[in-house]
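The values are calculated or read from the model by the stated rules, or taken from the named source; none is laboratory data. Only a predicted model underlies this, so the values are computations on that prediction, with no experimental measurement involved. Here the Cβ positions follow ideal geometry from the backbone for every residue, glycine too, while neighbour counts run over all protein chains shown.
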Amino acid sequence: MIPRYEQIEITKIWSDENKVTLWQKTELAVIKAKAVLGEISMEIYLKIRHLLLKHPIDIPWWKNREKEINHDLDAFIDERKRFLPPDLQHYLHEELTSYDTEEPAFAFMLKESIRVVEK
């Protein structure tokens, strides 16, 4: 968008930083749901959550990885797995498609944008 037409709140909603933050929230919500359902231990979820939140998403690293593999979500998963020990890595994005992670974030971004526009 031409910068003079940008609305700061909308720009933040659609930023890469917000998008990947929402992807992470989705991934963590799925892992938490598995713990609540008894498929994995709550301890596993808490360890993964702690490690991911302890290490902010490295946007430049993610962007560079995306250029290498031509897939933004796979690059994001690679970026996040860097901070998990090998025994916990498989829980991230397990049994999910890219759309399973991307669509909830996209819907949230649309909803937030509508809220701003209606205001």
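Listing for the model above:
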quantity: Search result, residues across region 1-51 that are out of contact with any Lys or Arg (no Cβ under 6 Å at 6 or more places or on another chain), β-branched (Val, Ile, Thr) and closer than 19 Å to Lys81 by Cα; calculated: Val20, Thr21, Thr26, Val30, Ile31, Ile44, Ile48
quantity: Subset of region 1-19 that is in a helix (DSSP H, G or I) and of a type in the set (A, V, I, L, M) - its residue that is farthest from the chain's Cα centre (by Cα); calculated: Ile8
quantity: Members of region 20-48 found to be surrounded by fewer than 16 Cβ atoms within 10 Å (Cβ to Cβ) and outside any loop (DSSP other than H, G, I, E, B), listed by number; calculated: Thr21, Lys25, Ala29, Ala33, Val36, Met42, Glu43, Leu46
quantity: Meets criteria (within 17 Å of Glu27 (Cα to Cα), of a type in the set (D, E, K, R) and out of contact with any Lys or Arg (no Cβ under 9 Å at 6 or more places or on another chain)) for Arg65; calculated: no
quantity: Selection status of Ile2, of a type in the set (A, V, I, L, M, F, W, C), out of contact with any Pro (no Cβ under 9 Å at 6 or more places or on another chain) and under 30 Å from Lys119 (Cβ atoms); calculated: yes
quantity: Among residues of region 1-16, those that are at pLDDT 90 or above and basic (Lys, Arg), counted; calculated: 1
quantity: Every residue from region 73-102 that is in a helix (DSSP H, G or I) and without any contact (Cβ under 8 Å) to a residue 12 or more places away in the chain; calculated: Lys81, Pro86, Asp87, Gln89, Tyr99
quantity: Every pair of residues 6+ apart whose Cβ atoms lie under 9 Å, when the first sits in region 7-28 and is under 10 Å from Ile57 (Cα atoms) and touching a residue at least 24 places away in the same chain (Cβ under 8 Å) while the second is aromatic (Phe, Trp, Tyr) and surrounded by 15 or more Cβ atoms within 10 Å (Cβ to Cβ); calculated: Val20/Trp62; Val20/Phe76; Gln24/Phe76
quantity: Qualifying residues in region 68-119 (those that are farther than 21 Å from Leu28 by Cα and surrounded by 12 or more Cβ atoms within 10 Å (Cβ to Cβ)) - the one nearest to the chain's Cα centre (by Cα); calculated: Ser113
quantity: Subset of region 57-71 (residues that are part of a helix (DSSP H, G or I) and without any contact (Cβ under 8 Å) to a residue 40 or more places away in the chain); calculated: Pro60, Trp61, Asn64, Arg65, Glu66, Lys67, Glu68, Ile69
quantity: Scope region 34-75; condition out of contact with any Ser or Thr (no Cβ under 8 Å at 6 or more places or on another chain), closer than 23 Å to Lys19 by Cβ and among the aliphatic types (A, V, I, L, M); matching residues; calculated: Ile48, Leu51, Leu52, Leu53, Ile59, Ile69, Ala75
